[in-house]
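First comes the structure, then the notes that go with it.
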């Protein structure tokens, strides 16, 4: 049985308090009593009440004073003033001060029943309304990340737990799913939040440059090393080192990294002194590390070192319910950045956004909106400004399930080729339109062996 | 109420709660429970008086009186009970009248008394008011309400009563 509301009866006469409490208890209410104003206020400070039945005439603090002091303490509580001496003035005054109603003693049982019943029903409806609104708005958050998707809620939950530990986190997910945003959020929620967050994109640099970038170097370590420099492992001391695109590092660096993770110490390139590390590693990749291990491209021992807490970010196409939420979020950001009165996307534009497959995920969505925001002259973004390529429909409707994976890759390849052509092979603009960074686009061009002349 | 009618009420109560029930005649309620200004008796004070004399052999005591009962904030009450306690009281004063204050037929009064006795005793077992108007545990603010309900617990209240009794037996 659902527990009923709590009621506080305030009256200086014991028999009134006890009898009214008994009457209300028979209705299932949880009843507390107070003999005077100060004790009533003390009770109000301790627990929440749905209804306060307050006698008007009491020695010391009278009912109206209790009402005035109770209102700010419990604005949701309904106060009913009881009086044996009804005058229009006191009634008006009570109502003006925010009383729900007043009753002239003695009153008919039916009158009290009706009033209390009506009041609790109204309060239940109001509460239901609040709960429904909350349910409608239900979304989970992790720092700057927002979602309505149960998949993301699980990701946030795991990330929150991971943040509390010092363990290595491996963030997996397609390009543009927000791996770095999540890494930053984990850092910001961790005990190391006062320390630095240092990110390195492992795919963007050659082996020797990445080595120097990670571990630093001593003067004369290589041609051009005119001075010594600290690496990211040193710079990130006391904080978090984010190793993005970890799946792309060379076998030599995989071994170096494994050694650092094992021994928690390293030497600068060309250096002899061992330097202790104090970093929490968050690694990320859009590649299937397990497959890379199976094919011998990635060290198994390093994989297990990194894969302590794996967190997989779902692609945007698997959480399309988040698109309206993300659109609102990005429009608010763009509104502030561009000082433009952007309000929303039109119904047709939203339909288009919902239908799109988003190979570049959240980043692509952000870029599409940014481009549209630049182009638009009004507060509502339309399909024209979104300039979304209609989703490519596979030409083989009867395709077997085994062919599904190939066709998805093929779709991605075709989408990239189309985008590159649209932007006359300008890599920066194409990458932006696809919602991926330049390095990822280069990697994809390489992987799919896309040529300019095709 | 005559003794025969009270005996019938006793049998109904015994049947409803499946507990041995007996009638005892007492003098009362005492004068101090009466409010001279209102010409009524305070049901809360009567409960207190009942509580001072509960026999060892009884778990619950239900007072049946013909005096009109009140609590200070209300014009009248049909009865009062301690929710989950030992004492309850029921008055026949208002049950004897029709809605427009004419004397009600004897068997109707007896039926109403059974309902109110079951109702107040239900409270002493821990039951609270039931939203089901036909259930004996629904609140009655007038004799019309009393006449609308049956002299029995609804299915939910019966289940709740069984749970409460089981809970009490365990502790």
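Some notes on this structure:
- Taken over segment A:262-302, the criterion of being over 28 Å from the mean Cα position of the chain (by Cα), part of a helix (DSSP H, G or I) and buried (at least 17 other Cβ atoms within 10 Å of the Cβ) is satisfied by A:292, A:293, A:302.
- Every pair of residues 6+ apart whose Cβ atoms lie under 6 Å, when the first sits in segment A:19-33 and is within 16 Å of residue B:46 (Cβ to Cβ) while the second is in a helix (DSSP H, G or I): A:19/B:44; A:26/B:123
- Elements of type strands (runs of 3 or more DSSP E) in segment A:99-217, at least 3 residues being buried (at least 21 other Cβ atoms within 10 Å of the Cβ), touching a residue at least 24 places away in the same chain (Cβ under 8 Å) and more than 14 Å from chain B (Cβ to nearest Cβ): A:169-172
- Single condition residue A:326 does not satisfy, out of (1) within 22 Å of residue A:179 (Cβ to Cβ); (2) surrounded by fewer than 18 Cβ atoms within 10 Å (Cβ to Cβ); (3) not assigned by TED's automatic domain parsing to the domain that holds residue A:164: (2)
- Test: residue in segment A:345-353 that is touching a strand residue (DSSP E or B) at 6+ places or on another chain (Cβ under 6 Å), buried (at least 20 other Cβ atoms within 10 Å of the Cβ) and not in a helix (DSSP H, G or I): yes
- Restricting B:72, B:29, B:55, B:105 to those that are touching a helix residue (DSSP H, G or I) at 6+ places or on another chain (Cβ under 9 Å) and more than 12 Å from every other protein chain (Cβ to nearest Cβ) reduces the list to B:29.
- The sole residue among A:252, A:232, A:219, A:276 that is farther than 30 Å from residue A:359 by Cα, out of contact with any helix residue (DSSP H, G or I) (no Cβ under 7 Å at 6 or more places or on another chain) and modelled with pLDDT of 90 or more is A:276.
- For segment B:40-59, filtered to residues that are outside any helix (DSSP H, G or I) and at pLDDT 95 or above, the residue that is farthest from the chain's Cα centre (by Cα) is B:40.
- If you filter segment A:5-24 down to residues that are more than 19 Å from residue A:44 (Cα to Cα) and surrounded by 24 or more Cβ atoms within 10 Å (Cβ to Cβ), you find that the one that is nearest to the other protein chains (Cβ to nearest Cβ) is A:19.
- Number of residues in segment B:119-140 that are more than 22 Å from residue B:9 (Cβ to Cβ) and without any contact (Cβ under 8 Å) to a residue 40 or more places away in the chain equals 3.
- Residue within segment A:61-73 that is under 25 Å from residue A:121 (Cβ atoms) and surrounded by fewer than 17 Cβ atoms within 10 Å (Cβ to Cβ) present: yes
- Note on segment A:58-98: among residues that are in contact (Cβ under 8 Å) with a residue 40 or more places away in the chain and more than 30 Å from residue A:130 (Cβ to Cβ), the one that is nearest to the other protein chains (Cβ to nearest Cβ) is A:58.
- Whenever a residue of segment B:10-32 is more than 17 Å from residue B:119 (Cβ to Cβ), its partners that are assigned to a loop (DSSP other than H, G, I, E, B), lying with C-beta atoms within less than 7 angstrom and at least six residues away or across chains, give the pairs B:29/B:67.
The values are calculated or read from the model by the stated rules, or taken from the named source; none is laboratory data. The shown structure was predicted, so the numbers you read here are calculated from the model rather than taken from an experiment. Reconstructed Cβ throughout: ideal geometry from the backbone, glycine too, with neighbour counts over all protein chains shown.
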